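A.B. asks: Pasting in a structure now, in structure tokens, and then I'll have a few things to ask.
The values are calculated or read from the model by the stated rules, or taken from the named source; none is laboratory data. These numbers come from a predicted model, not from an experiment. With ideal geometry, Cβ positions are generated from the backbone for all residues, glycine too; neighbour counts draw on all protein chains shown. To get the accessible areas, we keep the full protein, side chains included, count just its heavy atoms, and leave off ligands, DNA and RNA. Shrake-Rupley method; radii C 1.70, N 1.55, O 1.52, S 1.80 Å.
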Amino acid sequence: VAPDSLGIPRFHSLLPEVPPEYRQFSQVWQTLATSHGVYFRSSEYIFRWANGRLRVWKPEHSFHVAFAVRDTIYVRQRQVGLMRLVDDSLQLVPKGERFAEDPIYVLLPYGERKLLVGSRGAGLLIYDGSDFSPFRTEADSYLKRNLLYHGTVLPNSWFAIATLRGGVVVLDAQGHLLRVLDKRAGIKDQSAKYVFVDRQGGLWVALDNGVARFEITSPVSYTHLTLPTKA
């Protein structure tokens, strides 16, 4: 988006900036903004737009999902694993090959240096830069049964983990279950595809049937819950 002659923001296509040999790609699934530029992720390429120039990365196989954490781009490449962009070079992170066949859906900052990683096969893990260790929570079986799909960091360093079948689970940094945002909490369906925290601390949840917003930071809204036995 750039202003026109009247100062009104207008959309401008970047396709003319893409070299002809890189124009055959499917949907752009993600847009990630960092201080280094804006990244666009498709299965076939990652594009970066910065300072009026476009940079392209091509995978050996295909890109599955990308994340921007602490101004660093991470990407899972199918049949390769979890990679990180370092000095404009995609490099496999230590032990990242464990995700060559195990899709990652959550990658969030944990504390000052570590990462919280969520996959379908391994569940939630803590990554310290050299190895992955299990992050045991009170919602492990619920997340596995209901298929974790996305996540975000909440105020107070809590986490909201979206699932495809069971709404959103709210955890603290020790893995305690704080809330389950499902039909009982007022959402219209259980399939949560994306979670986002706005500037007021409200949690937005993208659903199959519309969107929902929760005042998640309200001091009177937190209750320790027991998970239902069925989704």
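A.B. asks: Which of the following residues is without any contact (Cβ under 8 Å) to a residue 40 or more places away in the chain, buried (at least 17 other Cβ atoms within 10 Å of the Cβ) and under 18 Å from the mean Cα position of the chain (by Cα): A66, A122?
C.D. replies: A66
One line per residue, one yes/no per condition, for (1) closer than 20 Å to F67 by Cβ; (2) among the aliphatic types (A, V, I, L, M); (3) without any contact (Cβ under 8 Å) to a residue 24 or more places away in the chain:
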| position | (1), (2), (3) |
| --- | --- |
| L143 | yes, yes, no |
| G151 | yes, no, no |
| L171 | yes, yes, no |
| L177 | no, yes, no |
| R184 | no, no, yes |
| W204 | yes, no, yes |
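A.B. asks: Is it true that G151 is in contact with a helix residue (DSSP H, G or I) (Cβ under 6 Å, 6 or more places away or on another chain) and surrounded by 22 or more Cβ atoms within 10 Å (Cβ to Cβ)?
C.D. replies: When the stated conditions are applied, G151 does not pass them.
A.B. asks: Test E112 against the criterion of being acidic (D, E), modelled with pLDDT of 95 or more and surrounded by fewer than 19 Cβ atoms within 10 Å (Cβ to Cβ), and give yes or no.
C.D. replies: The answer is no for E112.
A.B. asks: Let me ask something additional. Considering the stretch 1-60 alone, what residues qualify as being under 20 Å from L90 (Cα atoms), in contact with a helix residue (DSSP H, G or I) (Cβ under 9 Å, 6 or more places away or on another chain), open to solvent by 50 Å² or more (accessible area, probe 1.4 Å) and not in a strand (DSSP E or B)?
C.D. replies: E44, K58
A.B. asks: List the number of the failed condition for V80; all other conditions in (1) in contact with a Pro (Cβ under 8 Å, 6 or more places away or on another chain); (2) of a type in the set (V, I, T); (3) in contact (Cβ under 8 Å) with a residue 24 or more places away in the chain hold.
C.D. replies: Going through the list (1) in contact with a Pro (Cβ under 8 Å, 6 or more places away or on another chain); (2) of a type in the set (V, I, T); (3) in contact (Cβ under 8 Å) with a residue 24 or more places away in the chain, V80 breaks only (3).
A.B. asks: Counting only residues that are under 18 Å from the mean Cα position of the chain (by Cα) and open to solvent by 50 Å² or more (accessible area, probe 1.4 Å), which one in the stretch 72-100 is farthest from A122 (Cα to Cα)?
C.D. replies: If we take residues in the stretch 72-100 being under 18 Å from the mean Cα position of the chain (by Cα) and open to solvent by 50 Å² or more (accessible area, probe 1.4 Å), then R84 is farthest from A122 (Cα to Cα).
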